[in-house]
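Single-structure report; data block below.
The values are calculated or read from the model by the stated rules, or taken from the named source; none is laboratory data. Values in this document were obtained by computation on a predicted structure and should not be read as measured data. Note: ideal-geometry Cβ built from the backbone for every residue, glycine included; neighbour counts use all protein chains shown.
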Amino acid sequence: MVPIKSLEEKFQAAVDAEIKIEPKDWMPDAYRKTLIRQISQHAHSEIVGMLPEGNWISRAPSLRRKVGLLAKVQDEAGHGLYLYSACETLGIDREELFEQLNTGKAKYSSIFNYPTTTWADIGAIGWLVDGAAIMNQVMLCRTSYGPYARAMVRICKEESFHQRQGFEILLTLSKGSEEQRAMLQDAVDRWWWPSLMMFGPSDKESTHSAQSMKWKIKRKSNDELRQQFVDATVEQAKILNVTLPDPELKWNEERGHYDFGPIDWEEFWNVVKGNGPCNKERLAARVKAHDEGAWVRDAAVAFAEKQAKRRAEANKVA
Amino acid sequence: MNNWPLWEVFLRSRQGLHHKHVGSLHAADEKMAIENARDVYTRRSEGVSIWVVESKHIHASSPDESEALYDPANDKVYRHPTFYDLPDEIKHM
Ligand SMILES: [Fe+2]
Ligand SMILES: [Fe+2]
């Protein structure tokens, strides 16, 4: 037996040398656990994230908007599947991952516990929510675990259409009637702060951050990513002629970044704990889909078994 | 889901190239695996041909054996063209 200590050193040396860790390589238990938690949370977020947008597919204002939104939501399902597949390489199976989601044991991004009350919300999600997700996902393309990094590369290729789709919706509203412009502003008012919360607690509070950086699972801190998002988004808001709902937002010459006001962490933790506007509804929708799909899964297995038996019999005769 | 096996998916992105591993998925049988692979991995014409292999049929070398497996190749420099000295006048060989 090789002592754990030297295995750990070898592992860290590989990470430091930017050599990707692959499924069959030795890895510390805590690295495996952290990845399972993070990748599955990420996968669940993609899946649950279809719900607020799915709410508007049947009510999209034109065929152009409808095909765009349908394709986007379908991509999110795909993202969930790439990530479940990456997660399974760590030795956990799909059934268990679903179980964790459906029993509320696993978390998903809290942003999806907010409702989509107007069509402008679909634009705001594409612009702000996908925009924030992209910041995080671009970083994760270089994460140390091979299957996760490869899944992220596929995902990032698809994400830019999502954000552009959302921005175009908002741009159209910004050139519309007074009512449409008010709808746009209202959506931005509601989605801005929850989008900033997507990056997670501030670096001072974040418990897993330091170790994740050492293992190169993450390469930028929550606050760094959040700042990057604010800087990029403020400029885009000008084109939409909307006001971001933060009176303290202003350019800081010295830092070369935008300053922004304090985040309401109480709201954040409250939604994480299950008390957001839609937590119960989202989980109930997932459980219902899973339960009502049970007969389809069973029928598919029965059909596959029957086909295999028929083939075997045909081969015997021949 | 319990009984849906795991399949590894390989795509040929265009004629003339090897199939390349892109990920995995669950499906009841090979036909469904190919259909799902089409929806999951080729939504933007990423492939012209799909292979699916049930994951349990894939046997992989172990990273622990990598020295024993690959070291023997490392000291065989004479397998590479640069090992052989030729005069400069010979341009393309
Ligand atoms: Fe996504
Ligand atoms: Fe997206």
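Within the range A:108-122, work out how many residues are in a helix (DSSP H, G or I) and surrounded by fewer than 22 Cβ atoms within 10 Å (Cβ to Cβ). Summing the residues that are in a helix (DSSP H, G or I) and surrounded by fewer than 22 Cβ atoms within 10 Å (Cβ to Cβ) in the range A:108-122 gives 1. Of all the listed residues (B:I50, B:I34), the sole one being farther than 22 Å from A:C87 by Cα and modelled with pLDDT of 95 or more is B:I50. For the range A:191-237, filtered to residues that are without any contact (Cβ under 8 Å) to a residue 40 or more places away in the chain and of a type in the set (S, T, N, Q), the residue that is nearest to A:R142 (Cα to Cα) is A:S221. Selection of the range A:258-293 for residues being within 12 Å of chain B (Cβ to nearest Cβ) and either over 19 Å from A:H44 (Cα atoms) or part of a loop (DSSP other than H, G, I, E, B) (or both) yields only A:G293.
Identification of helices (runs of 4 or more DSSP H) wholly contained in the range A:1-99 with 2 or more residues that are within 15 Å of ligand 1 (Cβ to nearest atom) yields A:29-48, A:50-54, A:63-88. Screening the candidates A:F161, A:F167 for the property of being touching a Phe, Trp or Tyr at 6+ places or on another chain (Cβ under 8 Å), within 16 Å of ligand 2 (Cβ to nearest atom) and either more than 30 Å from A:P28 (Cα to Cα) or at pLDDT 95 or above (or both) yields one hit, A:F167. In the range B:20-54, the residue that is farthest from A:W295 (Cα to Cα) out of those that are in a strand (DSSP E or B) and more than 10 Å from chain A (Cβ to nearest Cβ) is B:K20. Scanning the range B:1-19 for residues that are exposed (fewer than 13 other Cβ atoms within 10 Å of the Cβ) and more than 10 Å from chain A (Cβ to nearest Cβ), we see that the one that is farthest from A:D298 (Cα to Cα) is B:G16.
Just so you know, in the range B:57-93 the residues that are free of Cβ contacts under 8 Å to residues at least 24 places away in the same chain, closer than 30 Å to B:W7 by Cβ and hydrophobic (A, V, I, L, M, F, W, C) include one that is surrounded by the fewest Cβ atoms within 10 Å (Cβ to Cβ), and it is B:A60. If you check A:A43, A:A77, A:A60 for being in contact with a helix residue (DSSP H, G or I) (Cβ under 7 Å, 6 or more places away or on another chain) and crowded, with 21+ Cβ neighbours inside 10 Å, only one passes: A:A43. Is it true that some residue in the range B:70-92 is hydrophobic (A, V, I, L, M, F, W, C), within 14 Å of another protein chain (Cβ to nearest Cβ) and more than 23 Å from A:E305 (Cβ to Cβ)? Checked the range B:70-92: no residue is hydrophobic (A, V, I, L, M, F, W, C), within 14 Å of another protein chain (Cβ to nearest Cβ) and more than 23 Å from A:E305 (Cβ to Cβ). Against the list (1) assigned to a helix (DSSP H, G or I); (2) within 23 Å of A:A71 (Cα to Cα), the condition A:P147 fails is (2). Could you please let me know if A:L83 is within 14 Å of chain B (Cβ to nearest Cβ), away from ligand 2 (no atom under 11 Å from the Cβ), touching a residue at least 60 places away in the same chain (Cβ under 8 Å) and within 15 Å of A:H42 (Cα to Cα)? Yes: the conditions hold for A:L83.
Does A:R142 qualify as being basic (K, R) and either crowded, with 22+ Cβ neighbours inside 10 Å or in a helix (DSSP H, G or I) (or both)? No: the conditions fail for A:R142.
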